[in-house]
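The values are calculated or read from the model by the stated rules, or taken from the named source; none is laboratory data. Since this is a predicted model, take the numbers as computed values, not measurements. Virtual Cβ from ideal backbone geometry, glycine too; neighbours counted across all protein chains shown. To get the accessible areas, we keep the full protein, side chains included, count just its heavy atoms, and leave off ligands, DNA and RNA. Shrake-Rupley method; radii C 1.70, N 1.55, O 1.52, S 1.80 Å.
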Amino acid sequence: MIALDAATVLLQWAVGGMAFCWYTTRRRMVGLGYGWLLRGTYLLLGLGAFAAGLILDPVPVREAAALAFAVACLAVLGVSIARRRAGVAGQRAEHDRRTARVAAMTGIERTRTSTAGQADAGPEFPPVLDLVPVAIGAIGLVAGAIAAGGNPFVSLLRTFAGAAFLGAITDAMLLGHWYLVQPGLPRRLLHELVDALGWVWPVEVVALLLPTGMLSVFTGAVDDGWGGMLGWMWAACAITTIVLVGVTRAALREREYSAVMAATGLLYLAILTAFGTDLVARAVLAG
């Protein structure tokens with residue numbers, strides 16, 4: 001059995017989100033503001049996990065890790081802000097590539113970015129720093145999974161699969177919005193997050209089906225209190241999520257810029273069903 005523990009869920013969300021923050025920023029193409037947005041958001045979630053753990057059901061190692069995670073996010077955010085003048089190499093290169101392409105097609109020359117000026121500003125922010133809070137938070141997730149009881153392997157699998165699942169869908173939705181801020185951003189970055197979500201989905205679903213899991217709700221061995229309705233609601237959320245992932249992939253294959261906005265709208269729906277997939281199962285099995 002697994003417990004619907006707010007502290008663990010919030011820490012899962014924050015750790016998974018920061019992991020996929022690195023997954024995108026490692027390409028050095030997305031603007032600095034995207035990293036600032038994610039680090040600030042997950043810093044607050046880490047503090048929320050710390051507070052929820054202290055108030056509801058303390059697990060000392062998890063709470064210590066959640067607080068350290070938030071501090072690490074703040075430190076990494078500070079490094080990124082301090083090195084903001086150096087910019088992002090991939091973003092500059094993409095800007096210059098597009099500028100050269102427009103000039104070749106139209107004969108209109110635009111000012112290119114100055115790589116020399118950026119070099120004088122000092123070293124760029126190293127995206128690998130985003131993995132520091134992830135490593136710290138993972139310690140708290142292990143503690144939370146063990147404290148939940150039951151089969152340790154299943155509990156750990158569910159905890160880390162849930163972290164990746166919630167983090168991937170949240171970052172994909174936020175990145176989709178970032179294209180409004182940075183319209184020239186290559187679409188493949190969003191493709192990568194959507195593809196990652198597609199790979200994580202079966203791991204999440206299988207983990208929640210393992211004994212004692214959602215299969216026990218369907219057989220009646222676990223009473224959901226609603227005559228099995230919550231079990232079918234969970235199944236609907238899980239199936240709808242992967243369908244939306246497939247439709248989002250199809251939308252991103254369209255060449256028009258509006259396809260990115262359509263994909264973002266679909267991800268809005270997917271984030272609701274993804275959270276339903278994870279949280280409904282936790283609520284049912286906690287009973």
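Per-structure values
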{"read-out": "The stretch 29-42 - residue that is surrounded by fewer than 22 Cβ atoms within 10 Å (Cβ to Cβ), part of a helix (DSSP H, G or I) and among the aliphatic types (A, V, I, L, M) and, of those, modelled with the lowest pLDDT", "value": "LEU32"}
{"read-out": "Those residues of the stretch 12-28 which are in contact with a Lys or Arg (Cβ under 8 Å, 6 or more places away or on another chain) and assigned to a loop (DSSP other than H, G, I, E, B), in sequence order", "value": "none"}
{"read-out": "Total residues in the stretch 241-271, condition open to solvent by 40 Å² or more (accessible area, probe 1.4 Å), assigned to a helix (DSSP H, G or I) and either in contact (Cβ under 8 Å) with a residue 12 or more places away in the chain or among the charged types (D, E, K, R) (or both)", "value": "6"}
{"read-out": "So ALA163, is it touching a residue at least 40 places away in the same chain (Cβ under 8 Å) and assigned to a helix (DSSP H, G or I)", "value": "yes"}
{"read-out": "Identity of the residue in the stretch 229-251, at pLDDT below 90 and of a type in the set (A, V, I, L, M), that ends up farthest from ASP195 (Cα to Cα)", "value": "MET229"}
{"read-out": "Every residue from the stretch 186-207 that is open to solvent by less than 40 Å² (accessible area, probe 1.4 Å) and under 20 Å from ALA19 (Cβ atoms)", "value": "LEU189, LEU190, GLU192, LEU193, VAL194, ALA196, LEU197, GLY198, VAL200, GLU204, VAL205, ALA207"}
{"read-out": "Tally of residues being without any contact (Cβ under 8 Å) to a residue 40 or more places away in the chain, buried (at least 16 other Cβ atoms within 10 Å of the Cβ) and not β-branched (Val, Ile, Thr) across the stretch 229-240", "value": "2"}
{"read-out": "Enumeration of residues in the stretch 148-157 that are in contact (Cβ under 8 Å) with a residue 12 or more places away in the chain, in a helix (DSSP H, G or I) and surrounded by fewer than 19 Cβ atoms within 10 Å (Cβ to Cβ)", "value": "LEU156, LEU157"}
